[in-house]
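Engineer: Before I ask anything, let me first share the structure, which is written out below as structure tokens.
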Amino acid sequence: MKNTPEQNYYQEDEIDLKELFGILWAKKILIISITMLITVLAGIYAFNKTPIYEATALVEIGNYKLHNNNNNNNNNNNNNNNNNNNVLVDSVPELVKKLNLLFIDLLKNEKDKKATIISISTTKGVSGFLDIKSEASSNELAINETNKVVSYIHNKHQTIMNDVKNRRKLEIKNIQTRIDNIKNKEIKLLIQKINAQQNNLDEYRIQLNKMIVNIEDISKTNPALTALKLMEKRDISTFVAELNLQLMDMRDKKDTLETTTINDLIERKKLVESMLLPHNYKNSEVIGRVITNDYPIKPKKKLIVMVAFIAGFILSIFLVFIMNAFRKEEDKATA
């Protein structure tokens with residue numbers, strides 16, 4: 001009974017598989033040797049390679065209180081402004097760009113560095129924070145490298161806040177100078193003008209009263225001169241009224257300076273002084289501490305050995321098949 005084509009196919013396939021396993025079995029020592037050699041070499045590499053540790057830090061960007069000097073104007077334009085707004089010391093995206101340039105780009109060609117900054121980036125989903133990552137041959141070196149960046153940020157932002165404080169101190173000084181000028185110059189000058197105006201007004205009132213008496217005396221004897229005197233009396237009366245209005249304006253201005261203006265300046269000065277209190281300033285700092293791991297992140301020894309074992313095993317099988325193919329070719333050539 002003849003075998004069908006399908007039976008022949010399965011028989012051939014079974015013969016091929018047996019032949020392949022036979023070839024591999026015959027070269028098992030070679031396969032094991034190559035696999036073990038590659039695995040051992042990978043293990044030697046992995047265990048002798050300098051371990052790399054990682055340190056990460058989350059830095060909160062500093063801020064300070066921002067007071068509004070133009071409350072009346074700003075209330076009409078922006079209802080969101082108030083006297084105690086928090087403002088970041090620095091723009092986080094711009095700061096990240098600068099830090100990457102200084103601590104990564106400019107240092108990437110340096111050789112024999114024991115510690116390097118790997119990345120400086122903004123924290124996703126959170127504003128006002130940035131992440132710093134460093135790698136080194138030890139946790140201590142990685143922490144020190146991270147702290148270099150943190151110290152740079154801290155010093156830079158401290159300078160900015162000192163500048164803000166100095167501007168506010170200058171503003172307080174200017175406000176006090178304005179108050180002193182009002183008290184010692186403007187009000188005193190107004191008092192002098194008020195006294196002089198009052199004296200002029202009194203003199204013209206006396207002159208006006210004399211003219212009224214004179215008009216009464218001549219009204220019956222000289223009607224023509226009386227008419228002229230009445231016109232003169234009207235002019236003096238108008239001038240006296242204008243002097244009186246000017247005097248009232250000067251007194252109102254003096255009262256405004258002594259009360260409203262000085263009080264507003266004093267309140268503004270107190271507000272700026274309150275902005276100099278320490279709790280209104282917060283410098284950039286690491287949240288918690290610089291985070292490290294007890295174990296190095298590189299090299300991944302177990303993974304390297306495992307991959308080397310698999311790669312060595314596959315390579316050894318491939319070499320066995322190549323050697324077997326060459327042997328068959330030589331046998332055919334000899335035959």
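The values are calculated or read from the model by the stated rules, or taken from the named source; none is laboratory data. Computed from a predicted model, the values in this text were never measured in an experiment. Cβ coordinates were reconstructed from backbone atoms using ideal geometry, including for glycine residues, and neighbour counts include every protein chain displayed. For accessibility, only protein heavy atoms count, side chains too; no ligands or nucleic acids. Shrake-Rupley method; radii C 1.70, N 1.55, O 1.52, S 1.80 Å.
Conditions (1) within 30 Å of Leu271 (Cβ to Cβ); (2) surrounded by 12 or more Cβ atoms within 10 Å (Cβ to Cβ), marked per residue:
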residue	(1), (2)
Lys165	yes, yes
Asn181	yes, no
Asn200	no, yes
Gln207	no, yes
Lys210	no, no
Met231	no, no
Ile236	no, yes
Asn244	no, yes
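Engineer: So which residues in the stretch 82-111 are surrounded by 12 or more Cβ atoms within 10 Å (Cβ to Cβ) and among the polar types (S, T, N, Q), if there are any at all?
Structural biologist: Those that are surrounded by 12 or more Cβ atoms within 10 Å (Cβ to Cβ) and among the polar types (S, T, N, Q): Asn82, Asn83, Asn84, Asn85, Asn100.
Engineer: Here are some residues: Glu186, Glu216. Which one is more than 30 Å from Val96 (Cβ to Cβ), open to solvent by less than 70 Å² (accessible area, probe 1.4 Å) and either in a helix (DSSP H, G or I) or of a type in the set (A, V, I, L, M) (or both)?
Structural biologist: Of Glu186, Glu216, the one residue that is more than 30 Å from Val96 (Cβ to Cβ), open to solvent by less than 70 Å² (accessible area, probe 1.4 Å) and either in a helix (DSSP H, G or I) or of a type in the set (A, V, I, L, M) (or both) is Glu186.
Engineer: While we're looking at this one, here's another question. For the stretch 41-65, what are the residues that are at pLDDT 85 or above and open to solvent by 80 Å² or more (accessible area, probe 1.4 Å)?
Structural biologist: Residue satisfying the conditions is Leu41 alone.
Engineer: For the stretch 112-127, which positions are open to solvent by less than 100 Å² (accessible area, probe 1.4 Å) and among the hydroxyl-bearing types (Ser, Thr, Tyr)?
Structural biologist: Thr116, Ser119, Ser121, Thr122, Thr123
Engineer: Could you count how many residues in the stretch 263-272 are closer than 11 Å to Ile175 by Cα and either surrounded by fewer than 16 Cβ atoms within 10 Å (Cβ to Cβ) or in contact with a Lys or Arg (Cβ under 7 Å, 6 or more places away or on another chain) (or both)?
Structural biologist: In the first step, residues of the stretch 263-272 are kept if they are closer than 11 Å to Ile175 by Cα; the result is 264-270, 272.
When the remaining residues are screened for being either surrounded by fewer than 16 Cβ atoms within 10 Å (Cβ to Cβ) or in contact with a Lys or Arg (Cβ under 7 Å, 6 or more places away or on another chain) (or both), the result is 264-267, 270, 272.
Final tally of qualifying residues: 6.
Engineer: Looking only at the stretch 286-304, decide whether some residue is out of contact with any strand residue (DSSP E or B) (no Cβ under 9 Å at 6 or more places or on another chain), surrounded by 15 or more Cβ atoms within 10 Å (Cβ to Cβ) and aliphatic (A, V, I, L, M).
Structural biologist: Within the stretch 286-304, one or more residues are out of contact with any strand residue (DSSP E or B) (no Cβ under 9 Å at 6 or more places or on another chain), surrounded by 15 or more Cβ atoms within 10 Å (Cβ to Cβ) and aliphatic (A, V, I, L, M).
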